[in-house]
Every structure is written in structure tokens, then in C-alpha cells.
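Peer 1: Once you've had a glance at the structure underneath, I'll fire off some questions.
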Amino acid sequence: MSYTTEQMQMMHNKLLQELISKTKDTGWIEATLVNGKRASYTGYRKVGNTVYLRGKIKDISATGTVLFYLPEEYIPEQSCSIVCGGNGSNHGLIGITNSGSVILNGYSANIATGNLVHLDGISFVV
């Protein structure tokens, strides 16, 4: 089967549009913290269907605290929990709920003593 130049161009454009939609990048969006203080730029971005978090948050009063909320298009279908870094050998557990809350669900030390929560490297599929 042979194709005309016009048909080839249409197929090329369709494939290109599919590729662009799968890899669309929103760029970094600054998160509006509802608890804790920003220790470095804290934000999120979506590339294709993967959401990435970054930043450090300090002065969180307790585990179970909502850190910030994600907009609807960044929310996973099912809630998930992801291990995050902390000060030194400490680590935490970040929860991403299916309602958009980003929550500190646990921490290996007393979080109220000024420990940091590191979001860098956290990603999940939506």
C-alpha cells in the first residue's frame, strides 16, 4: 500500500500530537502550604500522567498534618503512601489522598523538634 505525501503528513501530525499529549509538561507550580514552613522551593509538576513533588518543609507540628493540596488534575485515583527523606537518617511517610491532600503520615523521629521533610524524588501516576 502506498500513501500520498498528504496522507503521510496527516499520519505524522497525528502521531506527533499523541506524543506531545503523553509528554506534556506543566512546569513547576509552587505549592501553597497550609501547615509547616517552606525550607526550599516546594512544588509539583505533571509530565504526561506522572506527578512529581519537590522541596523541603520544616516546622510541622505533628504527623497526620496536611501539608498542601493538589489540584484535581494532579490527584491519583487511589490514595498512596510514599517514603520520603528527612534530616540525617530520619525518614517520613507522605500520603497522597484521592481527594488531593498531601499529608505527613509518619516520621521516624519527633517531627516537632524542627526536622525537615524532603519531597524531592517523590512521584506517582494519575
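Bear in mind these aren't lab numbers, they're just calculated from the coordinates by the rules spelled out. Everything numeric here is computed off the predicted structure, so don't read it as measured data. Here the Cβ is made from the backbone with ideal geometry for all residues, glycine too, and neighbour counts use every protein chain on show.
Peer 1: Counting other C-beta atoms within 10 Å, and keeping those with at most 10, which DSSP coil GluC sites (Glu not before Pro) do you find in the range 1-88?
Peer 2: E77
Peer 1: Could I ask something else about it? Return a single number: how many Lys pairs in the chain, at a sequence separation of 8 or more or on separate chains, have alpha-carbon atoms below 17 angstrom apart.
Peer 2: Number of lysine pairs found: 6.
Peer 1: Counting only residues 5 or more places away or on other chains, whose amide H sits under 5 Å from the amide H of N105 once H atoms are built in the peptide plane?
Peer 2: G64, L93, I94, G95
Peer 1: Using the Karplus curve 6.51 cos²θ - 1.76 cosθ + 1.60 with θ = phi - 60°, work out ³J(HN,Hα) for each residue of the range 91-105 in order, rounded to whole Hz, and write x for Gly and Pro.
Peer 2: Those phi angles translate into 8, x, 10, 9, x, 10, 8, 6, 10, x, 6, 10, 10, 7, 8 Hz.
Peer 1: By count of other Cβ within 10 Å, fewest leading, how are L70, L119, L19, L33 ordered?
Peer 2: L19, L33, L70, L119
Peer 1: Can you compute 3J(HN,Hα) from phi for each residue in the range 30-42, using the Karplus curve 6.51 cos²θ - 1.76 cosθ + 1.60 with θ = phi - 60°, rounded to whole Hz and x for Gly and Pro?
Peer 2: Taking θ as phi minus 60°, the curve returns 5, 6, 8, 6, 9, 8, x, 10, 6, 9, 7, 3, 10 Hz for the range 30-42.
Peer 1: Right, another one. Which values, in whole Å and largest first, are the semi-axes of the equivalent ellipsoid of the chain obtained as the square root of 5 times each eigenvalue of the Cα gyration tensor?
Peer 2: They are 39, 13, 12 Å, listed largest first.
Peer 1: Rounded to the nearest 500, what is the chain's calculated 222 nm mean residue ellipticity when only DSSP H runs of at least 4 contribute -39500 (n - 2.57) each, over all residues?
Peer 2: -5000 deg cm²/dmol
Peer 1: Can you give the angle from 0 to 90° between the axis of helix 5-22 and the longest principal axis of the chain, with both taken from C-alpha atoms, to the nearest 10?
Peer 2: 10 degrees
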